[in-house]
Amino acid sequence: QVHLVESGGGSVQAGGSLRLSCAASVSDVSTYYMAWFRQAPGKEREGVAAIAGRGSPTYADSVKGRFTMSKDNAKNTLYLQMNSLGPEDTAMYYCAASSNIWVTSREPLRSIWYGYWGQGTQVTVSS
């Protein structure tokens, strides 16, 4: 089992920033495809960003240029730096992990590949 715990959510005004963290209970996060998803009320779950042991992060078009995903392998921690936040970014944000890097790499922002999920952290952006 893989346990993921998100933190860092909160309420901010439009234009502000937040940094989300995801602590993973695995020995080496580089052996997993790690991702951030979000879901707002009435909307489908959306892949935000994903990264594997090698390569650069993949971002959804809606967050490119504003969000930055990174990993600290030594701390087994995933981060999502969110800048220039707007009300459209309001959602529950989830950390996820896939144990199969190769199948996930085909469509890294598709939720079906991810078998492990955190409890979520709420992000609310006011105008």
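List of remarks:
- Within the option set Q13, Q119, being in contact with a strand residue (DSSP E or B) (Cβ under 8 Å, 6 or more places away or on another chain), in contact (Cβ under 8 Å) with a residue 24 or more places away in the chain and farther than 20 Å from H3 by Cα holds for one residue only, Q13.
- Against the numbered list (1) closer than 20 Å to W102 by Cα; (2) crowded, with 21+ Cβ neighbours inside 10 Å, T58 comes up short only at (2).
- Elements of the type strands (runs of 3 or more DSSP E) sitting completely within region 1-50 and holding at least 1 residues that are of a type in the set (K, R), touching an Asp or Glu at 6+ places or on another chain (Cβ under 9 Å) and open to solvent by 60 Å² or more (accessible area, probe 1.4 Å): there are none.
- Check on R19, within 14 Å of E6 (Cβ to Cβ) and within 10 Å of the chain's Cα centre (by Cα): no
- Within region 89-108, one or more residues are within 16 Å of V12 (Cβ to Cβ), touching a residue at least 24 places away in the same chain (Cβ under 8 Å), out of contact with any His (no Cβ under 8 Å at 6 or more places or on another chain) and open to solvent by 20 Å² or more (accessible area, probe 1.4 Å).
- Residue list for region 61-88, filter: open to solvent by 60 Å² or more (accessible area, probe 1.4 Å) and either under 17 Å from T31 (Cα atoms) or of a type in the set (V, I, T) (or both): T68, N73, A74, K75
The values are calculated or read from the model by the stated rules, or taken from the named source; none is laboratory data. Everything numeric here is computed off the predicted structure, so don't read it as measured data. No Cβ is skipped: glycine too gets one built from the backbone with ideal geometry, and neighbour counts run over all protein chains shown. Surface areas here come from the heavy atoms of the whole protein model, side chains and all, with no ligands, DNA or RNA. Shrake-Rupley method; radii C 1.70, N 1.55, O 1.52, S 1.80 Å.
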